[in-house]
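The structure appears right after this line, and notes come after that.
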Amino acid sequence: MVFSSLIRIFAGMKRRMGFLLETYVLTVLVFIAAKVAFMLYNQAGHDFTVGDVFDVAYHGLSLDLSTALYFLIVPFLVSAVSIWWQGKALGIFLKVYFLLISIAFALAFVADAALYPFWGFKLDASCLQYLESPTEATASVSTLYVAVALGTIAVVATLIFWGYRLILRRFKPTAGTPRRNIMETAAYLLLIPLIVIGIRGGISESTTNIGQVYYSQNQFLNHAAVNPVFSFFYSMSHTMGDTAQYQFMDEQECSKLAAQVYTTESIGSDTLLTTTRPNIIIILMEGAGEEFAEAMPYLQQLKQEGIYFTACYGNSWRTDRGTVCALSGYPSFPSLSVMKMPQKSHTLPSIAHTLEQEGYQTSYLYGGDINFTNMRSYLVATGWEQLISMDDFSASERTSARWGVRDDITFKRLIDNAQCTMHNAQLAAPKKSGKSGKSGDSGSLGDSGSRFLWGFSTLSSHEPWDVPTKTLDDEVLNAFAYLDTCLKNFIEPLKKQPIWEDLLIVLTADHGINYRDIDLSKPMERNHIPMVWVGGAVKEPRRVDLLCNQSDLAATLLGQLRLNHEAFTFSRDVLSTTYRYPTAVHNYNNVQLLIDSTGHILYDFDARQFTINQSTDAERLLRLNKAILQTTTKDLRMRK
């Protein structure tokens, strides 16, 4: 009896479900067709093959599937209403809806393809500002160009609407018995969670974002894979905010003040390394502020063995922001994340990109979801050639911790891959007679151009602190003790390997965290992070007591490698004689901290007042704080 009732219910749902499925599939196909059209229209200057077209469609499919579900919501609701009421108004409503989204899709597709040659990035909400002045917006193109664009929009919208009309004509819901209607309605309710999960891209920590479709070192292919409709709405929820609030003074005064802080030259830098072409591993330790020093005794040992920057401060409070600061030498911002803005983040300089040009092989390892906060798109765009994430581990390893793969497992993968890279480089290097030593410019492998740069973000020292060992009762301290053990188990074996001779390991934190009474009310303690350089490439133990930011890593490292770093506008070589005014900046939620030799201030730009004033020259420091923010936000706005 129950089984036969279910059969009748599903038979009654067939027409409605078929309508929804056909609508969804057509929307996805429209998105895929738009990608192909985008590539064909913009093929000038962008070499790609037929295989690349299929790759773009494949890698962009997850974003298309999610985006299509947004536009299925209205048909889904109308279909649910039709269970109880089959009025003609429903058909008229759907016809108008399909017409509107057909026009919207056509506008998005044509604008995306047409603007790309000018902008170099995907359609986003920034185009809306030009609608306020349509004359200026069209001044650079001919009347014929505008006419062709409008005609194309009309044709594309007509074709899309025609497809929806064909589906709509077959949508003829029939009335059922009250019992069947109740059962069918219940079935619709059960579908709602599935739609929500599909929209957010699954049940993992990461939600649907642009970065998940990035797969190539060729940015054109990555951009082609991005759904322009999703990109537009996504950018509206991740805008730069009202940056006009950061215009405090005339540009001349602002530039003069900012020039005191930011220098881009390396002159007379101390030589800390035995080679200017070491193999390099940069490790960003999750949340590992100096407040956890006692829980990390091995890290304290490394401070004595290597180069310890004693007064380094994190630029920001989140991993996505701190990662950009460390790897690109770019500042953080009080109310936005550059990593979440692919159209901006792909313009940034990076250590990886600079070293890639010097023949380095670049790889990045992260045991979590690398799509989280658009990390994938940022890493790919800034020169990291090989990415390894949780997807490259076994199912049991992926679930070894809440955030992904446990640190002991990823450290093991790091050392295996680094040694494998080194071994391959040694096999590829030409054999030399005699004993080779260090020249001061490069080691033996440097002569063959076979060097590597590895980046690695740890994750286990993050709430909920689920680590496999327990050495301390406090779960937070225990997590950092576990990280410390992972460091030891990673570095000590390396010391006994040939790879150690030319190796430089940079250890720093992505940011500090709140712990017990150390919170944002104590910004000096909370945001003080370690930066330690160790390895056989380090000439001798050294303490660098100069005040600096994690964003200064890029210029300081490249300065030691004797490489130009003018592109790193906001990164300072703290070992250069040009670094005459040591400062450190930290910001969050429209609040910015500035530290110099006079003390520090924490200023709230919403409240327009000091939150903390511990400086002997606070008003001057505030003026400088404003100049820094005005300068950095202007730079971000100008990046295209």
Say each of residue 466 and residue 189 gets a label point 7 Å from the Cα, pointing the same way as Cα to Cβ; how far apart are those two points in nm? 3.1
Just to be sure I understand, if you calculate semi-axes √(5λ) of the Cα gyration tensor in Å for this structure, which of [x] 52, 36, 19; [y] 49, 42, 24; [z] 49, 29, 26 do you get? [z]
Of the trypsin sites (Lys or Arg not before Pro) in the range 568-627, which ones lie in a loop per DSSP and count no more than 15 other C-beta atoms within 10 Å? 580, 608
Test of understanding: what is the full-extension gain from residue 25 to residue 318, defined as 0.36 nm times their sequence separation minus their Cα-Cα distance? 101.7 nm
Counting only protein heavy atoms and rolling a 1.4 Å probe, one gets per residue an accessible area for the range 168-230 in Å² of 48
For the range 350-425 and the range 62-99, compute the distance between their C-alpha centroids and round to whole Å. 42
Restricting the range 166-236 to trypsin sites (Lys or Arg not before Pro) in coil, as DSSP defines it, with at most 15 other Cβ within 10 Å: 170
Once the piece of chain linking residue 519 and residue 172 is laid out straight, how much longer is it, given 0.36 nm per residue of separation minus the C-alpha distance between them? 118.8 nm
For the range 500-609, which GluC sites (Glu not before Pro) are in a loop by DSSP, counting at most 11 other Cβ atoms within 10 Å? 566
With every protein chain left in place, what is the accessible area of residue 171 in Å² (1.4 Å probe, nearest 10)? 20
Along the range 99-108, what does the Karplus equation 6.51 cos²θ - 1.76 cosθ + 1.60 (θ = phi - 60°) give for ³J(HN,Hα), rounded to whole Hz, x for Gly and Pro? 5, 5, 6, 5, 5, 4, 4, 4, 4, 5
Between the range 173-232 and the range 310-327, what is the separation of their alpha carbon centroids in Å? 34
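Rounded, prolate or oblate for the range 247-391? Axes are the square roots of the Cα gyration tensor eigenvalues, ordered a ≥ b ≥ c, and the cut-off for rounded is a/c under 1.5.
Details: a/c = 1.31, a/b = 1.10, b/c = 1.19.
Taking the square roots of the gyration eigenvalues as a ≥ b ≥ c, the range 247-391 is rounded.
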With a cut-off of 17 Å, note down the residues of the range 339-381 whose backbone N falls inside the zone around a label point 7 Å from the Cα of residue 640 toward its beta carbon. 342-348
1/(1 + (r/R0)^6) with r = Cβ-Cβ of residue 496 and residue 399, R0 = 25 Å, i.e. FRET efficiency to nearest 0.05, evaluates to 0.15
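Is the range 151-205 rounded, prolate or oblate when judged by the Cα gyration tensor, a ≥ b ≥ c being the square roots of its eigenvalues, rounded requiring a/c under 1.5 and prolate requiring a/b larger than b/c?
On the way: a/c = 6.27, a/b = 1.30, b/c = 4.82.
Verdict is oblate for the range 151-205.
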For the chain, averaging the sequence separation of alpha carbon pairs under 8 Å that lie six or more residues apart and dividing by its residue count, the contact order in percent is 20
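How large, in percent, is the carbon and sulfur part of the accessible surface of the chain at a probe radius of 1.4 Å?
Values: 16440 of 28020 Å².
Carbon plus sulfur share of accessible area: 59 percent.
The values are calculated or read from the model by the stated rules, or taken from the named source; none is laboratory data. Not measured: the values here are computed from a predicted model. Virtual Cβ from ideal backbone geometry, glycine too; neighbours counted across all protein chains shown. We work out accessible area using only protein heavy atoms, side chains counted, and drop any ligands, DNA or RNA first. Shrake-Rupley method; radii C 1.70, N 1.55, O 1.52, S 1.80 Å.
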